[in-house]
Each structure stands twice: as C-alpha cells, then as structure tokens.
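This report refers to the structure that appears directly beneath it.
The values are calculated or read from the model by the stated rules, or taken from the named source; none is laboratory data. Since this is a predicted model, take the numbers as computed values, not measurements. Here the Cβ positions follow ideal geometry from the backbone for every residue, glycine too, while neighbour counts run over all protein chains shown.
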Amino acid sequence: MPPWQWTVAVNSIKAMAPFQGELHRLKRVLAPSRMEEKYDTQVVPGALEQIAAIEAHGVRVKGARVLEIGAGWYPVAALVYRAAGARSVALTDAHRLLHPRTLAAATAFVHDRADRLSARSASSVSGDPPGIGGIGRSRRGGERRCRRAHATPGLR
C-alpha cells in the first residue's frame, strides 16, 4: 500500500476515536506540537501558488473573503492569504486544533517572513512589513481576528 494510503487509513481510524477534544488537549500538554520545516518548504510556497493561480484566472485575493478548510494546528496558509490582502479568512476544522499558543507561533512565523513573502510575490503579497497586509500592526491583532473566525462543527 502506498504511504499516502497508510496515512489516510491511520487518520480515518484516529478520527473515529471518542473524546477528540479531550485527546487533543492531552496531546497539547504531553507532546506540544511545533512548527515543522514543511511550513517553509511546502505550506508557504503552496499558498503563494494558490494565490497566483487564483489571480491568473482574474479573481483578486485583495479584499476577498477566503474559506480555509482544515486549518490545523498552525494556520500559516490562512495568514499568508491575509498578508496577500484578503479581507477575512474563515478557518474551519472537523476538530478544533487551533490554540492561542499555536496561533501565536504561526503569526510570528509569517511576520518573520514578511520581507521574503513580499519579494516572492510582489503582485500578490503586500510589501508592508510592519503590518504585512491585513494581519495587523501587532501579532496579537491577527491572533484575535483568527480566533474569532475559527469554526468547528458543533462548537459555538
């Protein structure tokens, strides 16, 4: 069986486990997640490619409302869309994974790469490092906006 099929099978079994919220909280305490290299090598370039593809079809990201399906622990792609000028990004997950600590790490990650993001996609990503586009003048401003817009089925 190819590796991706194993991943799908394992994730499907994990998704059926009861008490998902409690399990995620326990995991956060026992084995805190950390930013991985893939955010630099896959997620950021992937988000920039998505933005370029969207704009190549005549749709502007600047001022748009964007839906992020499966934001995960670190909403880096959502923050890249905000940096590209999206008016808002609604985050969704089957289970709430986003936590103030992981959101702060993702926000810091994108802020630390503001100059590189601007250079890689000058037409899409705002060149305003103090506030990198719509993320806000402070990291906390972006965190508040993301936390408020995050949706999980069954939670209000």
Can you pull out the residues in the stretch 6-40 that are assigned to a helix (DSSP H, G or I) and of a type in the set (D, E, K, R)? K14, E22, R25, K27, R28, K38, D40
Please report, ordered by residue number, the helices (runs of 4 or more DSSP H) entirely within the stretch 49-156 with at least 3 residues that are at pLDDT 90 or above and buried (at least 22 other Cβ atoms within 10 Å of the Cβ). 76-83, 100-112
